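The structure under discussion appears below in the form of structure tokens.
A short reminder: the numbers here are calculations on the coordinates, not readings from a lab. Bear in mind the structure is a predicted one, so any value in this text is a computation, not a measurement. Note that we place each Cβ from the backbone using ideal geometry, even for glycine, and neighbour counts take in every protein chain shown.
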Amino acid sequence: MTIKKLVLPFLAVACFSCGNDPLPKPKAMLRLEYDTPKYSKIDVRLPFTFEKNELADKISTIKLDGVNNISGVNINYPNMKGTIYLTYKTVNDTNLTSLLRDAQALTQKHTMKADAIESVLYENLKHNVFGMFYEVGGNAASQSQFYVTDSINHFLTGSLYFYAKPNYDSILPAAAYLKNDIKHIMETVEWKE
């Protein structure tokens, strides 16, 4: 009888004490904020200069192919786990068409994973720089790419890659920030004569 006296009040409290239905927690969204970019002109000992974000940790210049005069510049952003790769090639009388085709084909390789590819024509008559900027949406390996040329001597391509498996939602804040950096690089290219 004493057990019934103890259990009965606990059952009554358990049955009638919970008036609110449990609610699932709302989805949390990670909010990443980065410093306002500060740009400075950089000379990488190649036939061009550009402005880079001071947030970029390290820049390395590489000779990719001495025979065809191909060089590269890697701009690393370790906090965002990303790198902007620049590749410089010398233009001659016969290779401009193939350089343009290769640069456009590199972007088109991402169509299998990309949700959309937007292209924006770029033209700077003052510095004789002409090209195209590509923004790739979705789970593609590279979110932003460009090429610029003077159509006579110089050809430069740039691509943004992250050191992680592409997941557009996860890298979106960093991709948006670095998209502006890669655009700024393209817009500040000046050829050396």
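Label sites at Leu125 and Val7, each approximated as a point 7 angstrom past Cα along Cα to Cβ, lie 9.3 nm apart.
In plain terms, the chain from Ile117 to Leu172 could stretch by 18.3 nm, reckoned as 0.36 nm per residue minus the Cα-Cα distance. A protection proxy built from the mean count of other Cβ atoms within 10 Å ranks the segments 121-130, 42-51, most packed first, as 42-51, 121-130. Convex hull volume of the Cα atoms of segment 40-191, normalised per residue: 105 Å³.
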